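Colleague: Quick one: the structure is below, and I'll ask about it shortly.
The values are calculated or read from the model by the stated rules, or taken from the named source; none is laboratory data. What you are looking at is a predicted structure, and each value in this text was computed from that prediction instead of being measured. Every residue, glycine as well, gets a Cβ built from its backbone with ideal geometry; the counts of neighbours run over all protein chains shown. Side chains included, ligands, DNA and RNA excluded: accessible areas come from the protein's heavy atoms. Shrake-Rupley method; radii C 1.70, N 1.55, O 1.52, S 1.80 Å.
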Amino acid sequence: MVVKVYGPITAACPQRVLACLLEVGVDFELIPVDLESGEHKRPEFLLRQPFGQVPAIEDGDFKLFESRAIIRYYAAKHAESGPNLLGSTLEEQAQVDQWLEVEAHNFNEMVYAIVLQLLILPRMGQPTDKALVQNCTEKLAKVLDVYDRRLSTSPFLAGEWFSLADLSHLPGIRYLTEEAGLGNLIRERNHVNSWWITISSRLAWKKVMQLLN
Amino acid sequence: MKVHGIPMSTAAMRVFATLHEKDLDFEFVPINMAAGEHKSPAFLSLNPFGQVPAFEDGDLKLFESRAITQYISHTHADKGNQLIYSDPKKMAILSVWMEVEAHHFESASLPLAYELVIKPMFGQATDPADVEANEAKLAKVLDVYEARLAESKYLGGDSFTLADLHHLPNLSYLMESKVKKLFTSRPHVSAWCDDILGRPAWSKVLAMRK
């Protein structure tokens, strides 16, 4: 059964889900959702995702939304057959959860605010709040300092192996480096930079990039 | 198990609620935030972001309240109240609503709790524009909750789970404020609030603030 993923390939959260599905070897069909025409706010879509956001998935009768819930489900489902993205012990799983929470709260909040100001609002003909971008960039720099210290002690965020915690960062860091002109935040931090090169070289992420381009 | 934090921190309360629901013994280690203890090297070794709570279970050190609550719920699944599901699909649905709390509810409710309840405690002035914007955001989120709770007794499924529990700290603060009406005016949301705020474990968390 092919998993249907509703959302545009250009958006971060669908990219997060596709990266995971590709890592664990689950076939999917990407069904584009036209954000510009407001398709995600129409009644038919709100039935799939009541907050009017992408992505939503449909796996036979089973439906889910929230990208981080979706990746947890598929990673757990395929933990035996594919790469273990969640950890094998309760302690390892807790470390993965910890860094997934860090991504969602400390990292993503800043990246989202920056992307909104630098990329989304201008497309809608609205002005950028430069002071806010500066403020968020400074906060993000401090967060990445913590990451750099963490990654000086282990190759991946949750420990010795690639996990959902690393995967979850892929779309956000891609935005920073390729669209927002803030790649220096990554390059200036040795361990963060090595980590980014390693995780973005994974075959699954390269396939997501191929779909994007 | 040790929890480092303060009783009034919403994130710390999330962890205390979980421990009380499961009747687990733990040591509460108060952190003097007014004196900046959460930014001290000792604390930063527990949470490099300098935020409360931090948690220790033997050699395991964790931070991020929602990672801690999940660790406790999985590790002590056999104790006290069941807060997660073992069935993968049921657990996935529970995860959806944990994410909803973490992103949609938290982003509107935490600034409101801060502006309307916490700032006044410290004699600081409320920002009315901030309150208005977040009130509107929260109202939209609660509309979705109203629809969800019309078809499901609890947010994550048919029993009380972490998906509901994670809301308690912010919810409890907002019920002390003028935005209480956002909750009481929506029948299913109102009934759900009464239900979860009335749980004995939550009363124990509130007692820690005295």
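Colleague: Output the relative contact order of chain A, whole-number percent, from Cα pairs under 8 angstrom with separation of 6+ residues.
Modeller: Relative contact order, chain A: 21 percent.
Colleague: Taking the Cα centre of chain A as origin and charging only Cβ (+1 Lys, Arg; -1 Asp, Glu), how large is the dipole, in debye to the nearest 20?
Modeller: The calculation lands at about 400 debye.
Colleague: If you don't mind, there's one more thing I want to ask. Between B:K153 and B:A35, with labels modelled 7 Å along Cα→Cβ, what's the label distance in nm to one decimal, could you check?
Modeller: For the pair B:K153/B:A35, the computed spacing is 4.8 nm.
Colleague: Would you be so kind as to list the residues of the stretch A:137-151 that have their accessible area lowered by at least 20 Å² in the full protein complex compared with their chain by itself (1.4 Å probe)?
Modeller: A:V146
Colleague: Compute the distance from the alpha-carbon center of the stretch A:30-81 to that of the stretch B:138-210, in whole Å.
Modeller: The two parts, judged by their Cα centres, are 25 Å apart.
Colleague: Quick check on my link table: of A:K41/B:K180; A:K63/B:K140; A:K77/A:K130; B:K153/B:K181, which ones sit more than 32 Å apart, alpha carbon to alpha carbon?
Modeller: Going by Cα-Cα distance, A:K77/A:K130 fall outside the 32 Å limit.
Colleague: Calculate how many DSSP beta bridges within the protein assembly as shown are antiparallel, expressed in % of all such bridges and rounded to the nearest 5.
Modeller: 65
Colleague: Given C-alpha coordinates of the protein assembly as shown, what is the ratio Rg to Rh with the Kirkwood estimate of Rh?
Modeller: Reported Rg/Rh, Kirkwood definition of Rh: 0.93.
Colleague: Taking every pair of alpha-carbon atoms in chain B, give the share separated by more than 29 Å as a whole percent.
Modeller: Here the tail beyond 29 Å accounts for 24 percent of pairs.
Colleague: Let me ask you something else. Let me understand the stretch B:96-192 better: what is its radius of gyration from the alpha carbons, and its Dmax, in angstrom?
Modeller: 13.3, 42
Colleague: May I ask you to derive the relative contact order of chain B, considering only C-alpha pairs under 8 Å and at least 6 residues apart, and to give it as an integer percent?
Modeller: It comes to 23 percent, rounded to a whole number.
Colleague: Give me the 1.4 Å probe accessible area per residue for the protein assembly as shown, excluding ligands and nucleic acids, in Å².
Modeller: Value returned for the protein assembly as shown: 43 Å² of accessible area per residue.
Colleague: Continuing with the same structure: At a 1.4 Å probe, which residues in the stretch B:54-78 are at least 10 Å² less accessible with all protein chains present than in their chain isolated?
Modeller: Residues shielded by partner chains are B:L60, B:K61, B:L62, B:F63, B:E64, B:R66, B:A67, B:Q70, B:Y71, B:H74, B:T75.
Colleague: Based on alpha-carbon positions alone, could you give the equivalent ellipsoid semi-axes of the stretch B:34-102 from the gyration tensor, as √(5λ), descending, whole Å?
Modeller: Gyration-tensor ellipsoid for the stretch B:34-102: 29, 15, 9 Å.
Colleague: Right, another one. Kindly state, as a whole number, the per residue volume in cubic angstrom of the convex hull around the alpha carbon atoms of chain A.
Modeller: 121
Colleague: Under 14 Å between alpha carbons, and skipping anything fewer than 8 positions from A:K139 in its own chain: which aspartates and glutamates qualify?
Modeller: The reachable aspartates and glutamates, counting only those whose Cα sits under 14 Å from A:K139, are A:E103, A:E109.
Colleague: Report the accessible surface area buried between chains B and A, summing both sides, using a 1.4 Å probe on protein heavy atoms only, in Å² rounded to the nearest 100.
Modeller: 2500
Colleague: Let me ask another. Per the 1.4 Å probe, what fraction of the accessible area of the stretch B:1-111, in percent, lies on carbon and sulfur atoms?
Modeller: Looking at the stretch B:1-111 in its full context, I get 54 percent from C and S.
Colleague: Also, quick follow-up: Could you check what % of the DSSP bridge pairs in chain A are antiparallel, to the nearest 5?
Modeller: Percentage antiparallel, nearest 5: 65.
Colleague: Give me the percent of accessible area attributable to carbon and sulfur for chain A, probe 1.4 angstrom.
Modeller: The C+S portion of the solvent-accessible surface of chain A is 51 percent.
Colleague: Tabulate in residue order the Karplus-calculated ³J(HN,Hα) for the stretch A:160-172, using 6.51 cos²θ - 1.76 cosθ + 1.60 with θ = phi - 60°, rounded to whole Hz; enter x for Gly and Pro.
Modeller: Using θ = phi - 60°, the values come out as 7, 10, 5, 9, 4, 4, 6, 3, 4, 7, 3, x, x Hz.
Colleague: Still on this model: Let me have the 222 nm mean residue ellipticity of the protein assembly as shown computed from DSSP H runs of 4+ only, each contributing -39500 (n - 2.57), with the sum over all residues rounded to the nearest 500.
Modeller: Calculated at 222 nm, the ellipticity per residue is -15000 deg cm²/dmol.
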